[in-house]
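Here's the structure, in structure tokens; my notes come after.
The values are calculated or read from the model by the stated rules, or taken from the named source; none is laboratory data. All of these numbers come straight from a predicted model, not from anything done at the bench. Using ideal geometry, Cβ is built from the backbone for each residue, glycine included, and neighbour counts are taken over all protein chains shown. Accessible surface is based on the protein model in full, side chains and every heavy atom, while ligands, DNA and RNA are left aside. Shrake-Rupley method; radii C 1.70, N 1.55, O 1.52, S 1.80 Å.
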Amino acid sequence: MRPVLLERAARAALDTVIDPELDEPITDLGFVRSLQVTADGVVTAHLRLPTSFCAPNFAYLMASDAKDVLRALPGVTDVVVVLDEHHDSELINRGLAADAGYRGTFPLEAEDDLEQLRLTFRRKAHAAAMERSLGLLLKVNPELTEEDLHDVTIADLLPDAPTTRSLLQRREALGLSIAASAPVLVNDHGHPCSREEVPLRLRFARAIRISIEGNAHFCRGLLRTRYPESAADQPKENAS
């Protein structure tokens, strides 16, 4: 594959890497500092974060996921992912180069792998996506009440809305049903709540969504302060 085509594919692959805490692609957040592709298929990606003291477990997850999606591309012969200017950059970059995993990279700090942490944030992302979809449904159908959301299924959502696509992706990541007849308002395990519990479940999901969006907005601002050129990589935020 020609380098220009491979670079295009590599950028598209990085679009699929989601920051676990902020629930947005690392490309949209501005966390991809540079991407280079050589004629013989070596891909080098430099990543950056809003501060030098961002949590190392999140930093490692992001960098490891980036390496995985790049390595899976046809035509790639080697992948180098470098985390720049983080207080644990040396450790993380050494662990990435050796494919040591999180426990191998931080043997003294990591009591377990990161899968439980990843699951926790996938559940939060699902709750936020669920609230966005149901909030949009209430907006376009003012006759609906919150209690009516108990009966809403995936088939009732707006099929072409970004909120619907996002929700389906989050459900698939958790192994939840995406069948048209599946109820939308469910807990982390896909079980619906009672009609009486709907307002409380919705408020809980709304609080999660606001927290995620607030953190993402804050991190974007910190990144622009630290790296002013990153503003060009951050699309305009929206309220969807």
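Details
- Approximating the spin labels as points 7 Å out from Cα along Cα→Cβ, the Asp68-to-Ala12 distance works out to 2.1 nm.
- Fraction of beta bridges assigned by DSSP in the chain that are antiparallel (%, nearest 5): 55 percent
- Area of His189 that stays accessible when all protein chains are in place (1.4 Å probe, Å², to 10): 120 Å²
- Amide H contacts under 5 Å for Val81: Ala45, restricted to partners 5 or more places along the chain or on a different chain, H placed in the peptide plane at 1.01 Å from N.
- Structure-based [θ]222 nm, the chain - -39500 (n - 2.57) summed over DSSP H runs of at least 4, per residue, nearest 500: -15500 deg cm²/dmol
- Length gained on full extension, Lys236 to Glu85, computed as 0.36 nm times the residue gap minus the Cα-Cα distance: 51.8 nm.
- Those trypsin sites (Lys or Arg not before Pro) in the range 175-240 that DSSP places in a loop and that have at most 13 other beta carbons within 10 Å: Lys236
- The chain: DSSP helices with Cα axial extent of at least 15 Å and average Kyte-Doolittle hydropathy no lower than -1.0: 3-14, 56-71, 115-140, 162-174, 198-226
- Taking the protein heavy atoms of the range 1-157 in the context of the full set of protein chains, the accessible area attributed to carbon and sulfur is 52 percent at 1.4 Å.
- Of the GluC sites (Glu not before Pro) found in the range 162-237, those in coil by DSSP whose Cβ has at most 12 other Cβ atoms within 10 Å are Glu237.
- Sequence of Met130, Met1 when ordered by accessible area, the most exposed leading, probe 1.4 angstrom: Met1, Met130
- Label zone at Leu168 (point 7 Å along Cα-to-Cβ), backbone N below 18 Å, the range 130-145: 130-137
- Ranking of Tyr60, Tyr102 by solvent-accessible surface, largest first: Tyr102, Tyr60 (1.4 Å probe, protein heavy atoms only, all chains present).
- The range 91-240 - accessible surface per residue (Å², probe 1.4 Å): 57 Å²
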